[in-house]
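Step one of this worksheet: look at the structure below.
The values are calculated or read from the model by the stated rules, or taken from the named source; none is laboratory data. Just so you know, these numbers come straight off a predicted model, no measurement behind them. Here the Cβ positions follow ideal geometry from the backbone for every residue, glycine too, while neighbour counts run over all protein chains shown. For the accessible areas, the whole protein counts, side chains as well, though only heavy atoms, and no ligand, DNA or RNA atoms are used. Shrake-Rupley method; radii C 1.70, N 1.55, O 1.52, S 1.80 Å.
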Amino acid sequence: MNNPVKLVVGLGNPGREYEQTRHNAGFWFVDLLARSMGAAFSKEARFHGQVAKAGQLWLLKPTTFMNRSGQAVGALAKFYQIAPNEILVAHDEMDLPPGGVKMKTGGAAGSNGIKDIVSHLSTKDFWRLRIGIGHPRELAGKLGGSMERPEVVDYVLHRPDMADQRAIDDALNRSLDCWPLIAQGDMETAMLKLHTKAPDTKPVPAKTTSQAASQTSPQANSKANPNS
């Protein structure tokens, strides 16, 4: 049994123009989790993001743009003395197809947001919820093989099509179903449940994601690159 999770972070970019884009899948999960707990986000300048609390659990949506996410995570974790292995970071993952979702600890993959968190925590030993959004080469294939189209070049900053959104919603709901296990630190059982997708089930649209998107996220005063 691992330590119970005390902080859940959703990665994304602030601002209405990014609410429905693939890069905000982490925000979508944390919004869904907050609603399930009756928690509401409010701006916390000292933590560089929007923060909510449900019991002993903190929820965080950095408003620093993706590639500076560690600034927010580090500030809140240090202030409340939350250990890295008590943190779960939800983020989009191009190496998984839409509908795919995996949980693991360690690593930074190709995400600059995760790399920045590693830098601020001085360790890779935190949990990651990797929410599949698919790879731009798959979209390029649908568009005749062109990798030059704007929607392919800036893949993560575009919204998913209807089929992909339904698949992502299904992954978010399955992740939420595993939350009680994650919350109490039973990561092995949670991963087994999460990584075993039940056959012959139809995706159930999440009550969050693109429709609700992130709850009002003020644009941070930052010039960081959102496409990271």
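Couple of notes before you dig in:
- Qualifying residue in region 147-162 (condition: modelled with pLDDT under 60, open to solvent by 40 Å² or more (accessible area, probe 1.4 Å), among the β-branched types (V, I, T) and in a helix (DSSP H, G or I)): yes
- Which listed residue, of G70, G74, is surrounded by 19 or more Cβ atoms within 10 Å (Cβ to Cβ) and either more than 24 Å from P180 (Cα to Cα) or modelled with pLDDT under 95 (or both): G70
- For M94, the test of being open to solvent by less than 40 Å² (accessible area, probe 1.4 Å) and either within 13 Å of the chain's Cα centre (by Cα) or under 14 Å from G26 (Cβ atoms) (or both) is failed.
- Boolean, L76 is of a type in the set (A, V, I, L, M) and out of contact with any helix residue (DSSP H, G or I) (no Cβ under 6 Å at 6 or more places or on another chain): no
- For region 1-25, the tally of residues that are buried (at least 21 other Cβ atoms within 10 Å of the Cβ) and assigned to a helix (DSSP H, G or I) stands at 5.
- For region 17-61, a residue qualifies if it is of a type in the set (D, E, K, R) and closer than 26 Å to G99 by Cβ, and the qualifying residues are E17, E19, R22, D31, R35, K61.
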